[in-house]
Amino acid sequence: MADGSYLGIQSLKGRVDEAEWQVRVELAALYRLVALFGWTDLIYTHISARVPGPEEHFLINPYGLYFDEITASSLVKVDLDGNILQAPVWGETEYGINPAGFTIHSAIHGARPDARFVIHLHTADGIAVSAHREGLLPLNQHSLTVIPRLAYHDYEGIALNLDERERLVADLGDKSLMLLRNHGTLALGPTAAHAFLGIHALERSATLQVRTLSAGRDGILLAPEHAQAEVRQQVANHRPDHAKLPWAGLLRRLARESPGYDA
């Protein structure tokens, strides 16, 4: 049952303000979309969203639910110190949050006000490219649109040490996409739509690179330097509302294939 009703989760609709409820619905949609696109790693990755308002609170998944079970009411509200402020209620089961997820997401939400939504994944192709010495290569149009927005963070172990947050944020700088070396992919955005399109572009670029290099590095055609420069300029001039059309279509797909996320 995709609506999560079998868990007995109590709906928060009408119990939180309208702005928070809308963010909850959009964040739940991101979880369901990641599941639909086959980007999950059991329960071990995470997506978060800043709660509207002056408090530095954010929403993240309860550690134990699969992404296709997530609903707007099942998300956990935490502060930047890791205190759980509001958790879903069902049965006698109490789920906390992923400690590594808290480290990564609290770092970004605390440092980047524009990062209203943050997506972190462990896909096969994303991890493969994150472990490639040259990183993401300018092999195709997809990667050329990603590279200007892409940062890198070296692997330090499972993200359980809170002092890693400072280095993660420093490496991220003002970029909206990141390859966490030997680990996975990350995207952030001012809206759920922008964050999703960012992670989609990064994941697509990683898959294309893995396929392109499957026959070996010799003979690979990199995009010409002048074309790379042209795409950098085009990306910089991209309209900020470009995400609306694909996002509307993605929500229609969810309504067909994974209803109930907005409960």
Inset, instruction - Say whether the condition of being closer than 30 Å to LEU221 by Cβ and either more than 19 Å from the chain's Cα centre (by Cα) or β-branched (Val, Ile, Thr) (or both) is met by at least one residue in region 109-127. - result: yes
Legend entry - Among the residues listed as ALA100, ALA29, the single one being out of contact with any Pro (no Cβ under 7 Å at 6 or more places or on another chain), among the hydrophobic types (A, V, I, L, M, F, W, C) and over 29 Å from ARG256 (Cβ atoms): ALA100
Inset, instruction - Show the residue pairs that are 6+ apart or on different chains and have beta-carbon atoms under 7 Å apart, the first residue being within region 236-259 and touching a residue at least 12 places away in the same chain (Cβ under 8 Å), the second being surrounded by 13 or more Cβ atoms within 10 Å (Cβ to Cβ) and basic (Lys, Arg). - result: LEU254/ARG32; SER258/ARG32
Legend entry - Where a residue in region 190-201 is more than 13 Å from ALA29 (Cα to Cα) and modelled with pLDDT of 95 or more and its partner, wherever it lies, is surrounded by fewer than 21 Cβ atoms within 10 Å (Cβ to Cβ) and charged (D, E, K, R), with Cβ under 9 Å and at least six apart: PRO190/ASP114; GLY198/ARG149; ALA201/ARG149
Inset, instruction - Only residues that are loosely packed, with under 14 Cβ neighbours inside 10 Å, in a helix (DSSP H, G or I) and in contact (Cβ under 8 Å) with a residue 40 or more places away in the chain: list them for region 127-182, please. - result: GLN141, GLU166
Legend entry - Residue match in region 217-239 (condition: more than 16 Å from PRO148 (Cα to Cα), in a helix (DSSP H, G or I), more than 17 Å from the chain's Cα centre (by Cα) and aliphatic (A, V, I, L, M)): no
Inset, instruction - Of all residues in region 1-48, count the ones that are at pLDDT 95 or above, part of a helix (DSSP H, G or I) and over 23 Å from ARG116 (Cβ atoms). - result: 0
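Can you tell me which residues in region 150-164 are under 13 Å from SER106 (Cβ atoms) and of a type in the set (Asp, Glu)?
Of everything in region 150-164, those that are under 13 Å from SER106 (Cβ atoms) and of a type in the set (Asp, Glu) turn out to be ASP163, GLU164.
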Inset, instruction - Please verify whether region 196-205 includes one or more residues that are crowded, with 21+ Cβ neighbours inside 10 Å, assigned to a loop (DSSP other than H, G, I, E, B) and under 15 Å from the mean Cα position of the chain (by Cα). - result: no
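Just give me the residues in region 49-77 being outside any strand (DSSP E or B), charged (D, E, K, R) and closer than 22 Å to LEU251 by Cα, in sequence order.
Those that are outside any strand (DSSP E or B), charged (D, E, K, R) and closer than 22 Å to LEU251 by Cα: ASP68, GLU69.
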Inset, instruction - Kindly check whether there is at least one residue in region 156-173 that is at pLDDT below 95 and more than 26 Å from VAL51 (Cβ to Cβ). - result: yes
Inset, instruction - Kindly indicate whether any position in region 224-235 is of a type in the set (D, E, K, R), at negative phi and surrounded by fewer than 13 Cβ atoms within 10 Å (Cβ to Cβ). - result: yes
Inset, instruction - Any chance you could count how many residues in region 78-96 are out of contact with any Ser or Thr (no Cβ under 6 Å at 6 or more places or on another chain), surrounded by fewer than 22 Cβ atoms within 10 Å (Cβ to Cβ) and within 21 Å of ALA159 (Cα to Cα)? - result: 7
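The values are calculated or read from the model by the stated rules, or taken from the named source; none is laboratory data. Keep in mind it's a predicted model, so treat the numbers as computed, not measured. Backbone-built Cβ (ideal geometry, glycine too); neighbour counts: all protein chains shown.
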